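Remarks on the structure that follows.
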Amino acid sequence: MPLEKESVAILLGNEAIARGAYEAGVAVATGYPGTPSTEVIEALARAPDVWVQWSPNEKVALEVAIGASFAGARALVAMKHVGLNVAADPLLTFCYMPVKGGTVIVSAGDPGMFSSQNEQDNRHYGRMARTPVLAPSDSQEAKDFTIAAFDISEHFSAPVILFTTTRLSHGRSTVSLDKRTKPSRTLEFVPRIQDFVMVPANARKRHPIVEQRLDALREYAESCQFNKIELKDRDIGFVTGGIAYQYVKEAFPEASVLKLGLAYPLPKKLIADFASQVDRLFVVEEGDPFWEQEILSMGIPAIGQGLSGACVFPRTGELSADIVRRAVEAHLGTEVSFEEEPQEALPLRPPTLCAGCPHRGVFYVLAKCRLNVTGDIGCYALGASPPFNSLHTCTCMGASIGEAMGLEKAMGREFSRKTVAVIGDSTFLHSGIAPLIDVVYNRGAVTVVILDNGTTAMTGHQDNPASGRDARGELAPRVDLEALVRACGVKDVSLVDPYDLEDTEMAIKGAVSRGEPSVVIARRSCALTSGTARPPVRFLSERCIKCGNCFRIGCPAMEKEDGRPRVNETLCNGCYMCVQLCKSGALAEQEA
């Protein structure tokens, strides 16, 4: 978080959101780490006078923010787009309640799926929840829109969704800084059963109020300062917003633009006025044809992703200025206005588990044992890649255990003797406890391997309830995973070090053979955070018999030279898994 004495800073979009929340007097900030939203909470964790926490999952994070709002405190909750699926249950009911303290929900989308399993467009949640959605287009707007979101939330008594994307979240631009302003109201909780207890009798009374609020928001959209017309060349006009606005301005700097900073609800009169002033209207948006559908439903001809017949812009992936320019010019039948130098295609660099990653030992064993493996969201999803090829499903957070249970019930008990569910420590606490209870309760025989590396690694090593530290890195109570698993009803629980390949193999083989719910906890700190690295492995070429075992763990520090191993000392962190596998003693520990 930039210092108060600074007046301008170059910030990530996520850092600018955090700064906006800080300046707006946010009191409580919660979230669950998920790219591309993670830095919002990380930045706020460095701010004074704000309670900041990582919650076990997004649903809990939103519920904490709702509780703070009940007291009149301003609250922010941050998550990636799929996280809002987890938080949708409280969101859609919270929108029926009057909001006392402004509540902002940061929902970071991931067009192009750089780190996600889908490309869902969360503007739909605004329409479904009847709540406003703001879409900033750069870091300055990210800060300004966040401040405004708290005001809008309190004025209209509704939570506000701040809709961002990867390019905005992780792009940097200059931001003007101001001082923190705390709301003057006194914090207190006044029980209001008719407003805060959404039993059917109360919810029925609140629903008409929600619809009236939406009508008021539609009227506000017409004069909202974040919706603005930029009239220039009237041959073509663009309706756009968010980061797509930057692409349009770069590709067609002289074109007329209607910028939608308030992404929902839309200003119908403003759109109609703009459309009447241009010859052809294009709608440029990442994700779904959300605005295009709304505009076409108003009877206004518009060209976008093909709902009107002509598909100009792609429906998948991330946009760019070049994609927008080429798409429009191809549709208009004009030539490309400038020549680009040909660029060489960059070689593919698929992600891989880090050198020394403790998950490598587990996946080596799973591949060796030829087990069916249901997977989960996290670094261990890379177990699906060569050389392991030993992760066979990956759907969403916590799904591995339920999917293993479903396979067993469909294929029979014997199938469970060849099946393992893998899940990380943070993911297990996020949404793995309930399916494990389901296995016990419904008499399953699923074997679960909890890959406990002591952190939420894939999103940047954030702490979680099992790591023993909180969002600020301070000591916190630590969940005892073994005790928790036993409390779920699992009797067969074992703890292994995944660097000990023999012990890991024995534990997993034993677990799948027992015909009862079993959990193997493979505990070893992430190689990038443990600080326990030893000197690089040394290679004695005269001993090598070319057994190839050292390559089966897929370590990027192991390279081939004339068919024999070679240790890349700049990558090797001395986990010595390859030493355990070497049949000839050619790979050995460095001498002290």
Task: Condition met for C572 (buried (at least 18 other Cβ atoms within 10 Å of the Cβ), over 29 Å from V448 (Cα atoms) and not assigned by TED's automatic domain parsing to the domain that holds T419) - done: yes
Task: Residue check, V106 in contact with a Cys (Cβ under 9 Å, 6 or more places away or on another chain) and under 26 Å from F428 (Cα atoms) - done: no
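Each row is one residue, and each column tells you yes or no for (1) within 30 Å of E6 (Cα to Cα); (2) touching a residue at least 40 places away in the same chain (Cβ under 8 Å); (3) crowded, with 16+ Cβ neighbours inside 10 Å.
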{"position": "S169", "(1), (2), (3)": "yes, yes, yes"}
{"position": "S173", "(1), (2), (3)": "yes, yes, yes"}
{"position": "L177", "(1), (2), (3)": "yes, yes, yes"}
{"position": "K182", "(1), (2), (3)": "yes, yes, no"}
{"position": "V190", "(1), (2), (3)": "no, no, no"}
{"position": "I193", "(1), (2), (3)": "no, no, no"}
{"position": "V199", "(1), (2), (3)": "no, no, no"}
{"position": "R206", "(1), (2), (3)": "no, yes, yes"}
{"position": "Q212", "(1), (2), (3)": "no, no, no"}
Task: Matching residues, segment 474-488, being surrounded by fewer than 11 Cβ atoms within 10 Å (Cβ to Cβ) and under 29 Å from R46 (Cα atoms) - done: E474, L475, P477
Open item on the list: Quick check on segment 123-141. Is at least one of its residues under 22 Å from L92 (Cα atoms), surrounded by fewer than 18 Cβ atoms within 10 Å (Cβ to Cβ) and in contact (Cβ under 8 Å) with a residue 60 or more places away in the chain?
Closed with: yes
TODO: Could you list all residues from segment 476-508 that are under 22 Å from W54 (Cβ atoms) and touching a Phe, Trp or Tyr at 6+ places or on another chain (Cβ under 8 Å)?
DONE: L481
Task: Residue among V60, V64 that is within 18 Å of the chain's Cα centre (by Cα), of a type in the set (V, I, T) and surrounded by fewer than 24 Cβ atoms within 10 Å (Cβ to Cβ) - done: V60
TODO: Please verify whether segment 295-305 includes one or more residues that are crowded, with 21+ Cβ neighbours inside 10 Å, of a type in the set (A, V, I, L, M, F, W, C) and over 34 Å from the mean Cα position of the chain (by Cα).
DONE: no
Task: segment 356-374: number of residues that are surrounded by 24 or more Cβ atoms within 10 Å (Cβ to Cβ) and either among the acidic types (D, E) or within 15 Å of E403 (Cα to Cα) (or both) - done: 2
Task: One residue from I521, I508, I545 being in a helix (DSSP H, G or I) and either in contact with a helix residue (DSSP H, G or I) (Cβ under 7 Å, 6 or more places away or on another chain) or outside the structural domain of N372 (by TED's automatic domain parsing) (or both) - done: I508
Task: From the options R185, R218, residue that is in the same structural domain as L84 (by TED's automatic domain parsing) and either touching an Asp or Glu at 6+ places or on another chain (Cβ under 9 Å) or in a helix (DSSP H, G or I) (or both) - done: R218
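The values are calculated or read from the model by the stated rules, or taken from the named source; none is laboratory data. In this text the structure is predicted, and so the values were computed from the model without any measurement. Using ideal geometry, Cβ is built from the backbone for each residue, glycine included, and neighbour counts are taken over all protein chains shown.
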